[in-house]
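Heads up: the structure comes next, in structure tokens.
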Amino acid sequence: MSIENATQIGIWDFLFIELADKRTNDWFLIKSPVPLFTIMFCYLYFVLSWGPRIMKGRQPFRLEKTLIVYNALQVAVSVWLVYEYCLIWRHCNWRCQPVDYSTSFKFYREARVGYVYFLAKITELMDTVFFVLRKNERQVTFLHVYHHTVMPLVSYGALKYYPGGHAMFIGWINSFVHVVMYNYYLLSSFGPKMQKYLWWKKYITNLQMIQFCIVFIHQTQLLYTDCNFPRWSAGFTLPNAVFFYFLFNNFYQQSYSNRKNKGDELKKEKSLTPVLNNKSNNENCQQNLKGSAVFLCDKKVS
């Protein structure tokens, strides 16, 4: 569609109807970007402004049963996505997969998985909502909010314009990471009694960083291989993969490495305490002995 035709039909229709994939464009929340942008605006307004204000001065919600059900559903959806992606990729090229522009069952299976993945990204916005309602403000970080904002928008764009193809790899590996992550959340939602089984929390962050490295390598293939997939998309996915990696690495350093260093310092201080106490006791003993000697001498002279 030329710029002249775009001018004739209107920029809005050109961007969101003419350029869109006709096979998925009529699906719920896909045809117009307004519903999604409304959801994202409400999400950001609640977690950054309204939510903290209404919770100020109130007791945090416990939400134990709600979190158990929510996390269990997220695990189930993520497992299903991984399973479906694996079935699809049996007949795809892991290195370079073009978009299937047919109306075959294979295409609709790819599109269906992409659509469920997109809906899952919207439901995951509840992660932050629960943090606010439980007054876990320290978990509402820039990393968390940025990640949860970007993913629904990226999923929407992929499904609307290029459903399936090379981008499916991101959905597959991200869903695998979420199986592990939401299993951790599910176990932790059972309360303190499960904490002794959750020693592997920091490895989830390691897994996420590995994910971004793999995505970066996979997406660079678009730069030198003709995959019949838009090469310009790498201009978005590659910088974001790097950005996410450094954000997660910074989180890891602050949450685990710095904490380990502080722990080592505390252990060192504790190990030095008996030595310092012994030294102090020895000094006191010496002073007492000197005092006793002086007292005896004074007594003898008198």
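Set side by side, the residues Gln219, Gln286 differ, and just one is at pLDDT 55 or above and over 25 Å from Asn174 (Cβ atoms), which is Gln286. Output the residues belonging to the stretch 137-153 that are farther than 23 Å from Ala76 by Cβ and without any contact (Cβ under 8 Å) to a residue 24 or more places away in the chain. Selection gives Arg138, Gln139.
Among the conditions (1) in a helix (DSSP H, G or I); (2) in contact with a Phe, Trp or Tyr (Cβ under 8 Å, 6 or more places away or on another chain); (3) open to solvent by 20 Å² or more (accessible area, probe 1.4 Å); (4) of a type outside the set (Val, Ile, Thr), Trp94 misses just one, which is (1). Quick one: would you say Tyr115 is under 26 Å from Thr220 (Cα atoms) and surrounded by 17 or more Cβ atoms within 10 Å (Cβ to Cβ)? Against the criterion (under 26 Å from Thr220 (Cα atoms) and surrounded by 17 or more Cβ atoms within 10 Å (Cβ to Cβ)), Tyr115 qualifies.
Residue check: is Gln221 in a helix (DSSP H, G or I), in contact with a helix residue (DSSP H, G or I) (Cβ under 6 Å, 6 or more places away or on another chain) and open to solvent by less than 40 Å² (accessible area, probe 1.4 Å)? Judged against the criteria, Gln221 is not a match.
Scan the stretch 50-57 and tell me whether some residue there is open to solvent by less than 40 Å² (accessible area, probe 1.4 Å), modelled with pLDDT under 95, part of a helix (DSSP H, G or I) and not acidic (Asp, Glu). No, the stretch 50-57 contains no residue that is open to solvent by less than 40 Å² (accessible area, probe 1.4 Å), modelled with pLDDT under 95, part of a helix (DSSP H, G or I) and not acidic (Asp, Glu). On the stretch given as the stretch 1-29, residues that are at pLDDT below 95, among the small types (Gly, Ala, Ser) and touching a helix residue (DSSP H, G or I) at 6+ places or on another chain (Cβ under 8 Å) total 1.
Checking each residue in the stretch 163-180 for being open to solvent by 20 Å² or more (accessible area, probe 1.4 Å) and at pLDDT 95 or above picks out Ile170, Trp172, Phe176, Val179, Val180. In the stretch 184-200, the residues that are open to solvent by 40 Å² or more (accessible area, probe 1.4 Å) reach residues that are of a type in the set (Asp, Glu) with C-beta atoms within less than 9 angstrom, at least six apart or across chains, in these pairs: Tyr185/Asp127; Phe190/Glu64.
Report whether or not Thr66 is open to solvent by 60 Å² or more (accessible area, probe 1.4 Å), out of contact with any Asp or Glu (no Cβ under 7 Å at 6 or more places or on another chain) and either modelled with pLDDT of 95 or more or farther than 14 Å from Glu124 by Cα (or both). Show your work before the answer.
On the way: open to solvent by 60 Å² or more (accessible area, probe 1.4 Å): yes; out of contact with any Asp or Glu (no Cβ under 7 Å at 6 or more places or on another chain): yes; either modelled with pLDDT of 95 or more or farther than 14 Å from Glu124 by Cα (or both): yes.
Yes.
Of the residues screened, Val129 is one that is in a helix (DSSP H, G or I) and either touching a strand residue (DSSP E or B) at 6+ places or on another chain (Cβ under 8 Å) or surrounded by fewer than 20 Cβ atoms within 10 Å (Cβ to Cβ) (or both). Screening the candidates Pro152, Pro98 for the property of being at pLDDT 95 or above and not hydroxyl-bearing (Ser, Thr, Tyr) yields one hit, Pro152. Just to be sure before I move on: is Arg134 open to solvent by 20 Å² or more (accessible area, probe 1.4 Å), of a type in the set (Lys, Arg) and modelled with pLDDT of 95 or more in the structure I sent? Yes.
Within the stretch 201-217, being under 30 Å from Trp232 (Cα atoms) and open to solvent by less than 30 Å² (accessible area, probe 1.4 Å) holds for Thr205, Gln208, Met209, Gln211, Phe212, Val215.
Among the residues making up the stretch 226-264, a single one is outside any helix (DSSP H, G or I) and either farther than 16 Å from Phe169 by Cβ or at pLDDT 95 or above (or both): Asp226.
Residues in the stretch 16-37 that are free of Cβ contacts under 8 Å to residues at least 24 places away in the same chain and open to solvent by 70 Å² or more (accessible area, probe 1.4 Å): Glu18, Lys22, Asp26, Phe28, Lys31, Val34, Phe37.
Residue-wise test of (1) at positive phi; (2) in contact (Cβ under 8 Å) with a residue 60 or more places away in the chain; (3) not aromatic (Phe, Trp, Tyr).
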{"site": "Ile54", "(1), (2), (3)": "no, no, yes"}
{"site": "Arg62", "(1), (2), (3)": "no, yes, yes"}
{"site": "Val69", "(1), (2), (3)": "no, no, yes"}
{"site": "Lys121", "(1), (2), (3)": "no, no, yes"}
{"site": "Phe131", "(1), (2), (3)": "no, yes, no"}
{"site": "Lys135", "(1), (2), (3)": "yes, yes, yes"}
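The values are calculated or read from the model by the stated rules, or taken from the named source; none is laboratory data. Just so it is clear, the model here is predicted, and its values are computed rather than measured. Cβ coordinates were reconstructed from backbone atoms using ideal geometry, including for glycine residues, and neighbour counts include every protein chain displayed. Side chains are part of the model used for accessible areas, which takes the heavy atoms of the whole protein and leaves out ligands, DNA and RNA. Shrake-Rupley method; radii C 1.70, N 1.55, O 1.52, S 1.80 Å.
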